[in-house]
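To start, the structure under review is shown below, and the notes come after it.
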Amino acid sequence: MTEALLARMSAPLGAAVLIAVVLFLLRRRPAIKRLLGPLVTLAAVGNLLLVAFLWTRQVDFPLNLDLMEGTVLQHVQRAAAGVPIYAAPSPAFVALAYNPLYYEVAAAVGRVTGLGLPMLRVISMLAAALSALILFLVAREKTGSAWWGLVTAGLFAAAYDVMECYLATAHSDACFLLAALVGTLVLDRTRSQRGAMAGVAILAASFWFKQHGILFVLGGLAYLSLRDGIRSWPSWVLAAVLVPGVYIVAGPALFGPYFHYFTWEVPRQWGSDLRLRSMLRYVGFIGLFYPVLAASSLASLRRHWRHPDAWRVQLVYAMLSGLMGAMDRGSAENVFIPMGTWFILVGAIGLAEWRPAPLPAAALLLAFVTLAYDPRAILPSSEAHAAYSDLVEYLRGLGGPVYGPWQGQLPSGFTLRPAAHWVALEDLVRGPGRDVADSPTVRTLASPALEPIGPAFVIANQPLESLDVLAFLTDDYVLACDLGDRFAALRVLPKRYMHGWPRYLYVSRRQPLDTAALQRLCTVS
């Protein structure tokens, strides 16, 4: 468990313990019992409104809310231009190890609306809003109460920071989650063979958004097998065609010759780190953020074990997806989004079954508190657009090519060269027992920065020495200056790992600058 995660959680966890003690001491006070329901309603509505407000400030952020947004935009631009997404790695573009459906959907939308980070974020925000609506509808149906639907949607909004805002950034997570929810909803509500096949087809789409979607395909098939027995065979055949069939046979033709390399070979070499540290991360995350909802989910699964609905069956696979994510030591907390969403839904439905009446409301209040966060940390600066204009002008004024490993490529205004993002580079070479430092593959992809003609620069969010995969650049580049807070308004949103903002300027040793030139470049304001 990282220090950043513990620091972020210390206040909500302490508040949850305090509220639990107060509720226990005052459990016989009628006034407290009457207040619990309105407090939970206020928490649900407040969190929904808060996320809506945050979206209005985050949607048009000029640089990267998340570290890889600029590189994701490159994928979408390639798809929109009809260029293979998964081509041979080059200094201009190295694909990420994700499946392509988000890029293709965004490219189709972008041909109408125009391509850009705001459009990509709107797609994610719309998918997240539809996911919240599904949670509302399912909880209302299962509990017979619109209030429980509202609370469930409110809990989903309350988890926005715990899910590291990935549901609003240019990533596939929100669309992946929506496909998993819609597919499960169809399976749960229909009994016909056509309905079952439709549900499986939608679950297959979740795989094409993100590889972990295969777990929800298997979960859907497991549910149909429990419910329909041998009559579920058409759904199994359809799943085999839409997932391994299309992936193996048509993937390279549809998405590029290196499709299998990036989406299979690269992530396969990362391995699975099923050690104590991974299990502590997994259990610790659940215990810190979802203790009440996880306990309620598992209790509900046990109560309905003999005849589980589709949501409870998929809960098992959602938890497996979280475990798989925890075993990837370098992953961010977005790997826990499906698991957290299922804890929220099944946990809320399970709490509705608790008796006596005050207990569910008290438990819900505790659930909201353990998900609490300071919204100021994820509220973009009002100076962001001015800071981006300043950054572009600054880079233009350097008078030479600039490599920005933390940006990959800028969305507009200036072209970084090379444009290989360090995450994509590290993904190519990392894995158990592998040394990522000074990799020949990475050196080749960073070659334009190593063989410049004239002055050349690197703009880094953190000292290059802190990044093993690109630390070799310090042999050819020297730190010219720390620009401090000049571009702090462009700070990446806080995540499991803190990535900061463009700050450290490095200059090529091959073309050293004189004192006057360095002084000009290093003027902070």
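May I ask you to sort K142, K210, K495 by Cβ crowding, counting other Cβ atoms within 10 Å and putting the fewest first?
Working: K142 22, K210 25, K495 17.
Going from sparsest to densest Cβ surroundings: K495, K142, K210.
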Inter-label distance for D390 and H307, nm, one decimal - labels placed 7 Å from Cα along Cα-to-Cβ
6.5
Full-stretch length increase - Y497, L126 - with 0.36 nm per residue and alpha-carbon distance subtracted
130.9 nm
Can you work out the FRET efficiency for the pair L133 and D514, with r the C-beta to C-beta distance and R0 = 51 Å, to the nearest 0.05?
0.25
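Most exposed first by the Cβ proxy, i.e. fewest other Cβ within 10 Å, how do L276, L50, L73 rank? Walk me through the numbers before you get to the answer.
Numbers: L276 7, L50 17, L73 25.
Taking fewest neighbouring Cβ atoms as first place, the list is L276, L50, L73.
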If contacts are Cα pairs under 8 angstrom and at least 6 residues apart, what is the relative contact order of segment 382-521 in percent?
25
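So how much slack lies between T113 and T190, counting 0.36 nm per residue of separation and subtracting their Cα-Cα distance, in nm? Don't skip to the answer; put the middle values down first.
Values: separation 77, 0.36 × 77 = 27.72 nm, distance 3.55 nm.
This chain segment gains 24.2 nm when fully extended.
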What residues qualify as long-range amide H neighbours of A480, i.e. H under 5 Å apart, gap of 5 or more or another chain, H built at 1.01 Å from N?
L505, Y506, V507
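If you take the beta carbon distance between V246 and R376 as r and set R0 to 60 Å, what does 1/(1 + (r/R0)^6) give as a FRET efficiency, to the nearest 0.05? Display every interim value, and only then the final one.
Working: r = 45 Å, r/R0 = 0.75.
The computed FRET efficiency comes out at 0.85.
Work out how much length V283 to Q462 would gain on full extension: take 0.36 nm times their residue separation and subtract the Cα-Cα distance, in nm to one decimal. Don't skip to the end; give the middle numbers.
Values: separation 179, 0.36 × 179 = 64.44 nm, distance 3.05 nm.
Net length gain for the segment: 61.4 nm.
I need to check one value: relative contact order of the chain, counting alpha carbon pairs closer than 8 Å and at least 6 residues apart, in percent. The partial results should precede the final answer.
Working: 844 pairs, mean separation 99.4, N = 525.
Across the chain, relative contact order equals 19 percent.
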How large is ³J(HN,Hα) for each residue in segment 449-460, as worked out from phi by the Karplus curve 6.51 cos²θ - 1.76 cosθ + 1.60 (θ = phi - 60°), to whole Hz, x for Gly and Pro?
6, 8, 10, x, 10, x, x, 9, 9, 10, 10, 10
Once both labels are modelled 7 Å past Cα along the beta-carbon direction, what's the I453-D60 spacing in nm?
4.0
Would you pull out the residues with amide H under 5 Å of A92's amide H, same chain only if 5 or more places away, H placed 1.01 Å from N?
A419
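If r is the Cβ-Cβ distance from L276 to I230 and R0 is 41 Å, what FRET efficiency results, to the nearest 0.05?
The computed FRET efficiency comes out at 0.45.
Every number in this text was worked out from the coordinates using simple rules, so none of it is lab data. Every value quoted in this text rests on a predicted model; they were computed, and no experiment measured them. Cβ: placed from backbone, ideal geometry, glycine included. Neighbour counts: every protein chain shown.
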